[in-house]
Each structure stands twice: as C-alpha cells, then as structure tokens.
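First the structure, in the form of structure tokens, and then the observations on it.
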Amino acid sequence: MSISSSRGTDTTPITDLTPKRKIPSMCQHQPPCPTADSADREAALLVAHHPEQGWSLLCNGVLLFEDTGELLPDGRIIAPHRPVALDVMTAA
C-alpha cells in the first residue's frame, strides 16, 4: 500500500528573525542622561527601583541588577562586574 504525503518541505530561507526597531529614549532630562551605549550609562537617573526584586530601571533603558549585571535596551547583556574581595587575615 502506497501512501503519498501532500505536505511539502518549507524551503524558505531563514533570515534574521529579530525585529529591527528603534528603541525610544525615556530620558527627558536637560542635559540628557548618558545613553545606554556610553561608558557612563550607570549615571542615568532612576525611573523604577525594586530592591525587593533586585533590579532598577534607568531612564536610558538600562536594567541594573543587584549583582551589578546589566541588560541593555537592545538585549545585550553586561556581565556582573563586582570588585574582587580581598580576604586578608592578620595574626594577632
């Protein structure tokens, strides 16, 4: 018994599926706060602060986490950059 399938294989090429959209600036301050791409992006003003959840939102769209990690508005991740603790024990 021969059963033929009427379904074909999708040959559509897969391209970049990430939507390309311009992320609007939330900053209305004068002078404007540093952008999310600048080195001093953490100096932007707070829009929302939720210490019970461990995050804060800056007016440039950057999410700051309590472990010092960051999530930029375009989806890039900045790894935590905590200072290295120096455990120095002194003998009495």
Glu70: surrounded by 10 or more Cβ atoms within 10 Å (Cβ to Cβ), touching a Leu at 6+ places or on another chain (Cβ under 7 Å), modelled with pLDDT of 90 or more and not hydrophobic (A, V, I, L, M, F, W, C), yes or no? yes
If a residue has to be part of a loop (DSSP other than H, G, I, E, B), within 17 Å of Gly75 (Cβ to Cβ), at pLDDT 75 or above and not β-branched (Val, Ile, Thr) to count, how many in region 21-45 make the cut? 2
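The values are calculated or read from the model by the stated rules, or taken from the named source; none is laboratory data. Bear in mind the structure is a predicted one, so any value in this text is a computation, not a measurement. FYI the Cβ positions are ideal-geometry reconstructions off the backbone, even for glycines, and counts take in every protein chain you see.
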